[in-house]
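The values are calculated or read from the model by the stated rules, or taken from the named source; none is laboratory data. Remember, predicted model here, so these are calculated numbers, not experimental data. Using ideal geometry, Cβ is built from the backbone for each residue, glycine included, and neighbour counts are taken over all protein chains shown.
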Amino acid sequence: MRTLDDLQLDFVLESMNNPYKATLNKTGKTEYRSDFTTDSGDKVSVYFEGDEHIDDYDETDWEISFVRNGSQSLTGEGDAMRIFATVIKLLREFIKKEKPVYFNLSAAKDDRNNTNKLQSREKLYARLIKRYITGYNIQPERSRSGTTFYFSAKEIQMEMTTTSGVAGTGDDTDTVIVRRRKKKTPVQIARRFVPKK
């Protein structure tokens, strides 16, 4: 006999395979937007906005957000999963176009529950994100208003340097400095073997 969890999973998977029709439009140098209407007539807008990454100045940090009738809360609406399926579809299209190194996506909590505990929607979003968005490390950050999922590309090469405390301050703790190392092109690699004049 099928359980309630089995039926819910079937519903979610069916929704993920049936997103709304939506087109991703570039609206600025580091901005994309998509607007679509649900079967019930609600207006949904999805925004992709980029800004300089705080620690990696060579890269853009993208924030993905979506609103339904002006609100981030999808509580009580029957097609929240179909809306999220559309957001995932747009996100995958965005990843193909921009190949972002960093981006984040938030899942808002139900306004009626003011707690740090994960709600079922946040848990479901986490599972769906892990299943449908690959090639990224995902770091969730929870708060009373919701969970923000921070993504960073797995192929980033890091160079680490350690320094021991600052002389004369009595501070003998180690500090780790992390810098992103650019991948070298074949031409840059070949130049290493050309004799200097």
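So which of T162, T175 is surrounded by 11 or more Cβ atoms within 10 Å (Cβ to Cβ), modelled with pLDDT under 50 and either aromatic (F, W, Y) or not assigned by TED's automatic domain parsing to the domain that holds K89 (or both)?
After ruling out the rest, the residue left standing is T175.
With the requirement that a residue be loosely packed, with under 11 Cβ neighbours inside 10 Å and within 10 Å of the chain's Cα centre (by Cα), what does region 129-147 give you?
Within region 129-147, N137 is the sole residue that qualifies.
Within the set of pairs 6+ apart or on separate chains, which have a first residue in region 31-58 that is part of a loop (DSSP other than H, G, I, E, B), a second that is not acidic (D, E), and C-beta atoms under 6 Å apart?
As it stands, the answer is D42/R68; D42/N69; H53/Y102; D56/R180, since those pairs meet every condition given.
Cβ-Cβ distance below 8 Å, separation of 6 or more or different chains: which pairs start in region 135-151 with a residue that is within 21 Å of F94 (Cα to Cα) and hydrophobic (A, V, I, L, M, F, W, C) and end on one that is at pLDDT 90 or above and crowded, with 19+ Cβ neighbours inside 10 Å?
Between residues of region 135-151 that are within 21 Å of F94 (Cα to Cα) and hydrophobic (A, V, I, L, M, F, W, C) and residues that are at pLDDT 90 or above and crowded, with 19+ Cβ neighbours inside 10 Å, the close pairs are I138/F149; I138/F151; F149/L105; F151/P100; F151/Y102; F151/F103; F151/L105; F151/Y136.
Hey, among the residues in region 39-48 that are of a type outside the set (S, T, N, Q) and touching a Lys or Arg at 6+ places or on another chain (Cβ under 9 Å), which one's nearest to K97 (Cα to Cα)?
F48
Only residues in region 77-96 that are at pLDDT 95 or above count as the first member; pair them with residues that are buried (at least 19 other Cβ atoms within 10 Å of the Cβ) and among the aromatic types (F, W, Y), Cβ under 7 angstrom, at least 6 apart or cross-chain, and list the lot.
F94/Y32; F94/F48
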